[in-house]
Amino acid sequence: MENIGGNKIEMTIADLLPKTIAKKEDGWRLSQICSTSLDGKYELSYSFAKDMEYDIFRLVIDHDDVVPSITSVYSAAFLIENELKELFGVKIERIGIDFDNKLYRINEETPFK
Amino acid sequence: MANVKRSPWLLHYDGSSCNGCDIEVLACTTPVYDVERFGVVNTGDPFHADIFLITGGINSQNKEVVEQIYSQMPSPKVVVAVGTCACTGGVFKECYNILGGVDTVIPVDIYVPGCAARPESIIDGVVKAVALFQEKADAMDSKK
Amino acid sequence: MGKRSVVPFGPHHPVLPEPIHLDLVLEDETVIEAVPSIGYIHRGLETLVKKKDYKQYVYVVERICGICSFMHGMGYCESIEHVMNVEVPVRAKYLRTIWAELSRIHSHLLWLGLFADAFGFESLFMHSWRLREKILDMFEYSTGGRVIFSVNTVGGVLKDMPNEMLTKFVKMLDEMDGELRKVTGVFLNDYTVNSRLRDVGFLTYEKAWELGAVGPMGKASGLNVDMRQRKYAAYGDLDFTPITSNVGDCYARTDVRIQEIFQSIDLIRQAVAKIPEGPIATDVKGTPNGEYFMRVEQPRGEAVFYTRGNGSMYLDRARIRTPTFANIPALLETLKGAQLADVPLLVLTIDPCISCTER
């Protein structure tokens, strides 16, 4: 397998929340969420860390797809999810503390899209 | 205000700087460089400040903060832009959220170049600012 | 029940070197909730990958933050090197380790000073910064720069440190030892300082883990999050035990950082004893194609550098998740139930680097 600094696990939108809950129960901490805009799609990477291990959930979605927020599992994800929403325009549902695109308060709309 | 240059108070605000110039400004007030030997005192309150040191470029959100701090300072006042970002926008000029150097929102009197600006050049800028401050104060007096 | 009021904290506040804004919901003098609003330093430099090629981008990454500038450059370069399968010469790895550990000492001393200033002990601030200048002298001596010294490049480092210089640095650090112990001793033993730090801002192990705290913030609550155990650069050859504490208050976080200063000095000593002769950089040809998540331990904790290349000179994406970004939820947690007078102390205790957070 190609080494990308951790184990890449392909994911679907429906699987995201159950698999995230399983990770938390297993004692992993949330490290980061990253989005990349590629050919009209978003590629989301949710990474989890446990000791020195690193697992990455890879989710490829269209611009119109709606992703559930994981703040109900890891409450600390609210900052990253607000960032993805404001800078990329990823549609994320039910974020714990939703800044409603007012986190960075930039003039330009979704500059990373 | 005959000898106001002997004790000008200094205010520092971080625009969107990377911290490099900020810590150099702070380093100027600590033992090795010690800008306070020129009578300068570092204050946190714009209402007491005479010289405004600003680091980093201007972005869409801190624009109002900078304008507000500038308007709160009593006249006469001197603005010093510290570092390349504060002068022109620097390496971040092409970023979507950077409007440019400090002179895009408030008038700047003295430009201190460098990335990060060295303490020696910051002190040089402050000394020039102190002289300019006296000049502005004298001009205000003669108008009365 | 007291009357509720909202007190704005920042963006321009005497204790903060950088702007961040918090809305503090108070009941009498007790903080019930804190709502952050950031963005005063947001530049959007991650978009610059489209305008600068992957080698030029090193200079942008180094300017994310002036305090851990070197480690940002190092993390980015190592990430690209993994994507491109470049093997860095061993001497370059050791040089990176030495500069990284010097950066850690400089950053922790800087923080100790600012922290002392936050609880109103100004002469301690001056002493910490006086010692920090000696580390900056070493940077200036070896690279020419003081805070941003740009010695990283994809494939190695740009400048070599001759062995005589390295032994001289070790001697300088040995000479600093006594003074360092004297100054840090005040933080750990002084009665007045202790009364400000002990039992303030507790963060339990469970909360620290759940909120994803990293660096000294997590370590002081007992989390094993020291990324140097991943053996990047030359850390695999060096002997060290990660420092943790299980108390989780402001005192423990100060203690962890102080112990890390001495640990860094020890790591530099080991690295100087083991550094081999050889080239300091390899020639890198071609373009990155692929992706990599690189994690490095910065003074503030784990930083994640994600780079993705598409086979051209310009990357598709560079994402930097900085340690302060991960520590903000933990900060909001410690603020709940704190006294208004302790708020500056608690904000400083995560070692905030706002320009890192907002990029």
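Please treat every number below as a calculation from the coordinates, not as lab data. Worth saying up front: this structure is predicted, and the values here are computed from it rather than measured. Using ideal geometry, Cβ is built from the backbone for each residue, glycine included, and neighbour counts are taken over all protein chains shown.
Values computed for the structure shown
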| read-out | value |
| --- | --- |
| Inter-chain Cβ neighbour average for residues A:30-40, partner chain, 10 Å | 5 |
| Per-q log10 I(q)/I(0), segment C:207-324, q = 0.13, 0.14, 0.16, 0.17 Å⁻¹ (Debye; single scatterer per alpha-carbon; no solvent) | -0.67, -0.75, -0.89, -0.95 |
| Burial ranking of peptide ranges C:2-8, C:133-139 (average Cβ count within 10 Å, highest at the top) | C:133-139, C:2-8 |
| Cβ charges +1 (Lys, Arg) and -1 (Asp, Glu), total dipole of chain A, debye | 260 debye |
| Dipole moment magnitude, nearest 20 debye, the protein assembly as shown about Cα centre, only Lys, Arg, Asp, Glu C-beta charged | 680 debye |
| FRET efficiency, C:ASN189 to A:LYS41 (Cβ-Cβ, R0 60 Å, nearest 0.05) | 0.55 |
| Listed pairs C:LYS207/C:LYS336; A:LYS113/C:LYS50; A:LYS85/C:LYS55 exceeding 22 Å between Cα atoms | A:LYS85/C:LYS55 |
| Ranked C:SER37, B:SER7, criterion: other C-beta atoms within 10 Å, fewest first | B:SER7, C:SER37 |
| Values of log10 I(q)/I(0), in the order q = 0.10, 0.12, 0.20 Å⁻¹, for chain B under a Debye, Cα-only, solvent-free model | -0.31, -0.44, -1.17 |
| Label-point separation in nm, A:GLU93 to A:LYS24, each point 7 Å along Cα→Cβ | 1.7 nm |
| Relative packing of peptides A:31-44, A:76-89 - highest average C-beta neighbours within 10 Å first | A:76-89, A:31-44 |
| Residue mean of other protein chain beta carbons inside 10 Å, C:288-295 | 5 |
| Label-point gap, in nm, between C:ASP266 and C:MET313 - each point 7 angstrom along Cα→Cβ | 4.7 nm |
| Of C:MET172, C:MET84, C:MET217, the one that fluctuates the most in a GNM where chain C has Cα springs shorter than 10 Å | C:MET172 |
| Sequence of C:ILE268, A:ILE106 once ranked by neighbouring C-beta atoms within 10 Å, starting from the fewest | A:ILE106, C:ILE268 |
| Unit charges on C-beta of K, R, D, E only; dipole of chain C, Debye | 880 debye |
| Rounded, prolate or oblate (a/c below 1.5 giving rounded, otherwise prolate when a/b exceeds b/c) for segment A:7-93 by Cα gyration tensor | prolate |
| Segment C:260-299: GluC sites (Glu not before Pro) in DSSP loop, at most 10 other beta carbons within 10 Å | C:GLU277 |
| Calculated P(r) of chain C - Cα pairs past 33 Å, % | 28 percent |
| Semi-axes of the equivalent ellipsoid for segment C:81-230, Cα gyration tensor, largest first, Å | 31, 24, 12 |
| Selection from C:PHE139, A:SER37, C:LEU110 lying farthest towards where the dipole of the protein assembly as shown points positive, charges on Cβ | C:PHE139 |
| Exposure proxy ranking, count of Cβ atoms within 10 Å, fewest first, for A:GLU93, C:GLU333 | A:GLU93, C:GLU333 |
| Contour minus Cα-Cα distance for C:SER5 and C:ARG130 (0.36 nm per residue) | 40.9 nm |
| Isotropically averaged projected area of the protein assembly as shown, using the convex hull of Cα atoms (one quarter of hull area), nm² | 27.7 nm² |
| Using a Förster distance of 45 Å, the FRET efficiency for C:GLU27-B:LYS128 (Cβ separation, nearest 0.05) | 0.35 |
| Of all DSSP beta bridges in the protein assembly as shown, antiparallel share, percent nearest 5 | 70 percent |
| Number of partner chain Cβ atoms within 10 Å, mean per residue of A:96-103 | 2 |
| Charge-dipole axis of segment A:7-93 as Lys and Arg at +1 and Asp and Glu at -1 on Cβ define it, positive-most pick from A:LEU17, A:GLY27, A:ILE56 | A:GLY27 |
| Of the GluC sites (Glu not before Pro) in segment C:1-63, those whose Cβ has at most 14 other Cβ within 10 Å and which sit in DSSP loop | C:GLU29 |
| Computed FRET value (nearest 0.05) for C:MET165 with C:GLN229, which takes r as the C-beta separation and R₀ as 35 Å | 0.75 |
| Volume per residue of the C-alpha convex hull in segment C:156-202, rounded to whole Å³ | 125 Å³ |
| Where the Cα pairs of segment A:47-113 fall when distances are cut into 5 Å bins, in % | 4, 16, 23, 24, 18, 9, 4, 1, 0 |
